[in-house]
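Colleague: Got a structure for you, written out below as structure tokens; questions coming shortly.
The values are calculated or read from the model by the stated rules, or taken from the named source; none is laboratory data. This is a predicted model, so every value here is computed, not measured. Cβ placement follows ideal geometry from the backbone for every residue including glycine, while neighbour counts extend to all protein chains displayed. Just so you know, the surface numbers come from the protein's heavy atoms only, side chains and all, with ligands and any DNA or RNA stripped out. Shrake-Rupley method; radii C 1.70, N 1.55, O 1.52, S 1.80 Å.
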Amino acid sequence: MTLNTPALTLRQQFAADIHRPRYHFLPPSNWMNDPNGLIQWQGQYHLFYQHNPFGPLWGNMHWGHAVSPDLIHWTDLPLALAPTPDSPDETGIFSGCAVRHGDVPIIFYTGTARPNYDTQTQCLATGSPDLLTWTKAPANPVLGQVPPEAGQTKDFRDPFVWQEGDTWYMVVGSRIQDVGGAVFLYRSTDLHHWDYLHPLLVGAAAVDGVIWECPNFFPLGDQWVLIISSHLGNATGTVLYFVGHYEQQQFTPTARGVLDHGRLYAPLTFVDDAQRRLLFGWLREARSNEDITAAGWAGVQSIPRRLWLDAQQRLCMAPVPELERLRGHRHSLPAQPLDGLTPLPVEGLALDVVASFDVDTDGQAGLCLAGTPDGSAYTAIQYDAATQTLAVERVSPQGRQVVMSAAHPLAAAEPLALRILLDGSVLEIIANDRTSLTDRVYVAGAECCRAWLSGARARLLHLHAWEMPSIWQWSQ
Ligand code: DQQ
């Protein structure tokens, strides 16, 4: 992939930053958050994203744009959407989606207007055939009112649109005052005029969060899945999913779960030409605004994940197989019993690891990555069979701190299967294709990062660890 010159220059300026990912997408510089407008168009994958082109902190929301032939290698493109003064998007272009209307690409986004970002309406823009130029509908907004039953007029955003026959549907994230997060359902025959139907789903504030952002609603197998990003009162927010039946515009969930237990937020899904349902998620930073400002960039996209449901209606996911073509030198370990720490013959901060373990009912197993040469500090990914818990812990000379954990029950005789993507400060962990933990790890000045296997009353079944190159041509 070639880069345009300004983007190349900007990316090169960050070459020495060990926290900056090498094979995950992030903009040339400055702030990024939610993935937006995902679409495969004329064979190419287009990723739009929430972007502040003027600084490394959130604000001045525009849509950035990049294109890829394979979901892994990206070319930076010019900004796709910017706020227009004295219009419904005068203070920001918030999140949304892209659809194909015949031969015409259409973007739906939330325009925000004064005061601050408190007037939120749904807007439409039409793309040129190369997706580089977007023309906002003169009649924007196409959807301007929060339904009265919301009991509030501020939170109404992140349109997600799909087609059934000749009819278009849209869900919008919102909340019902004193009740909880809500997703409202609309219908249209022309994409410009929308009729309100009813809430698709409403949560209980204490359990499911106060606002539901970035809804995704789509068929998967013979079920329908609703994904929402929710403020649960913690610093990071949580992505929840609901699985169930959808008939006559009524959604009846029969199962639910947590899509990610860490720092993945505001995911967006789309279907590609191979009919795969793919998901990108924003991997939030875990450092102070001062540190972000000093770094000059913030926000990373996950490696896209393919989604499917298992027989128990659990949402399953795996990084797209395209990533495997990027893999470099491989290190493998044979099956062996685990007792304490076993050095892993890999170094560095850019790895793709596949490992499986057989763990006794009172055993533990896992990996320690991004370790300092003397072993006094590292990040531990540890499974405890007695509590059926997968945890990420930071270990430093000062002590051990559990950063995040997730319940991860294994069926009888089911091995623990870990997929771990380490990339600078990014750590994506998926256990048995169904439990996702993502974290951000900022190793302090360690130039030589070591790894170990760890365990007790457990056996390694197999392990492959690949060193991962940069996706940016200039840095090879
Ligand atoms: N981010 C956008 C909103 C969305 C939130 C603003 C989720 O549209 O609700 O940058 O991270």
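Colleague: For the stretch 115-142, how many residues are of a type in the set (D, E, K, R) and away from the ligand (no atom under 16 Å from the Cβ)? Full working, then the answer.
Modeller: Here is the first cut: in the stretch 115-142, the ones of a type in the set (D, E, K, R) are 118, 130, 136.
If we keep only those that are away from the ligand (no atom under 16 Å from the Cβ) too, we end up with 130, 136.
Total meeting the criteria: 2.
Colleague: Now for a separate question. Answer yes or no: is there a residue in the stretch 42-64 that is crowded, with 21+ Cβ neighbours inside 10 Å, within 23 Å of Glu428 (Cβ to Cβ) and aliphatic (A, V, I, L, M).
Modeller: So far as the stretch 42-64 goes, yes, one or more of its residues are crowded, with 21+ Cβ neighbours inside 10 Å, within 23 Å of Glu428 (Cβ to Cβ) and aliphatic (A, V, I, L, M).
Colleague: Quick one: in the stretch 409-454, of everything that is on the phi > 0 side of the Ramachandran plot and open to solvent by 10 Å² or more (accessible area, probe 1.4 Å), which residue is farthest from the chain's Cα centre (by Cα)?
Modeller: Applying the filter and picking the extreme gives Ala413.
Colleague: Out of the stretch 242-266, which residues are farther than 15 Å from Val171 by Cα and within 16 Å of the ligand (Cβ to nearest atom)?
Modeller: Within the stretch 242-266, Leu259, Asp260, Gly262, Arg263, Leu264, Tyr265 qualify.
Colleague: Working only within the stretch 97-114, note down all residues that are away from the ligand (no atom under 12 Å from the Cβ), β-branched (Val, Ile, Thr) and touching a residue at least 24 places away in the same chain (Cβ under 8 Å).
Modeller: Once the filter is applied, which keeps residues that are away from the ligand (no atom under 12 Å from the Cβ), β-branched (Val, Ile, Thr) and touching a residue at least 24 places away in the same chain (Cβ under 8 Å), the stretch 97-114 yields Val99, Ile106, Ile107.
Colleague: Please find, among Ser475, Ser470, Ser405, the residue that is open to solvent by 10 Å² or more (accessible area, probe 1.4 Å) and modelled with pLDDT under 90. Please lay out each step first, then the result.
Modeller: Values: Ser470 fails: modelled with pLDDT under 90; Ser405 fails: modelled with pLDDT under 90.
Sole residue among the options that is open to solvent by 10 Å² or more (accessible area, probe 1.4 Å) and modelled with pLDDT under 90: Ser475.
Colleague: Kindly list, by first and then second residue, each pair from a residue in the stretch 246-274 that is closer than 24 Å to Ile381 by Cα to a residue that is assigned to a loop (DSSP other than H, G, I, E, B) and more than 16 Å from the ligand (Cβ to nearest atom), limited to pairs with Cβ atoms under 9 Å and residues at least 6 apart or on different chains.
Modeller: From residues that are closer than 24 Å to Ile381 by Cα, the pairs are Gly257/Gln313; Gly257/Arg314; Gly257/Arg434.
Colleague: Continuing with this model, one more query. Report the residue count in the stretch 85-98 for those that are open to solvent by 10 Å² or more (accessible area, probe 1.4 Å) and within 21 Å of Leu279 (Cα to Cα).
Modeller: Residues flagged as open to solvent by 10 Å² or more (accessible area, probe 1.4 Å) and within 21 Å of Leu279 (Cα to Cα) within the stretch 85-98 amount to 2.
Colleague: Scan the stretch 69-91 residue by residue and report those that are in a strand (DSSP E or B) and either at positive phi or within 14 Å of the ligand (Cβ to nearest atom) (or both).
Modeller: Leu81
Colleague: Turning to a different aspect of this structure: Suppose we filter the stretch 162-212 for residues that are of a type in the set (S, T, N, Q) and open to solvent by less than 50 Å² (accessible area, probe 1.4 Å); how many remain?
Modeller: Total meeting the criteria: 3.
Colleague: A further question on this structure: Do you know which residues across the stretch 198-213 are charged (D, E, K, R) and either part of a helix (DSSP H, G or I) or more than 16 Å from the ligand (Cβ to nearest atom) (or both)? Steps first, please.
Modeller: Step one: filter the stretch 198-213 for residues charged (D, E, K, R), giving 208, 213.
The one that is charged (D, E, K, R) and either part of a helix (DSSP H, G or I) or more than 16 Å from the ligand (Cβ to nearest atom) (or both): Asp208.
Colleague: A further question follows. Only one residue in Phe54, Phe94 is of a type outside the set (A, V, I, L, M), within 16 Å of the ligand (Cβ to nearest atom), at pLDDT 95 or above and assigned to a strand (DSSP E or B), so which one is that?
Modeller: None of the other options fit; the residue is Phe94.
Colleague: In the stretch 217-231, what residues are over 13 Å from Phe251 (Cα atoms) and open to solvent by less than 10 Å² (accessible area, probe 1.4 Å)?
Modeller: Of everything in the stretch 217-231, those that are over 13 Å from Phe251 (Cα atoms) and open to solvent by less than 10 Å² (accessible area, probe 1.4 Å) turn out to be Ile228, Ser229, Ser230.
Colleague: Here's another thing I want to ask about it. Take the residues of the stretch 347-385 that are within 21 Å of His329 (Cα to Cα) and of a type in the set (Asp, Glu): which is surrounded by the most Cβ atoms within 10 Å (Cβ to Cβ)?
Modeller: Asp352
Colleague: Taking into account only those residues within the stretch 143-160 that are crowded, with 19+ Cβ neighbours inside 10 Å and not acidic (Asp, Glu), which is nearest to the ligand (Cβ to nearest atom)?
Modeller: Arg157
Colleague: Could you please find all residues in the stretch 57-68 being within 16 Å of the ligand (Cβ to nearest atom) and either of a type in the set (S, T, N, Q) or within 22 Å of Ile292 (Cβ to Cβ) (or both)? Full working, then the answer.
Modeller: Our first condition is that a residue be within 16 Å of the ligand (Cβ to nearest atom); within the stretch 57-68, this holds for 57-65.
Leu57, Trp58, Gly59, Asn60, Met61, His62, Trp63, Gly64, listed by residue number.
Results for (1) under 20 Å from Leu315 (Cβ atoms); (2) not aliphatic (A, V, I, L, M), shown as yes or no for each residue.
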{"residue": "Ile381", "(1), (2)": "no, no"}
{"residue": "Thr387", "(1), (2)": "no, yes"}
{"residue": "Pro397", "(1), (2)": "no, yes"}
{"residue": "Ala417", "(1), (2)": "yes, no"}
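For (1) modelled with pLDDT of 95 or more; (2) farther than 30 Å from Gly371 by Cα; (3) among the acidic types (Asp, Glu), each residue gets a yes or a no:
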position	(1), (2), (3)
Thr9	no, yes, no
Gln44	yes, yes, no
Trp63	yes, yes, no
Val67	yes, yes, no
Ile72	yes, no, no
Asp103	yes, yes, yes
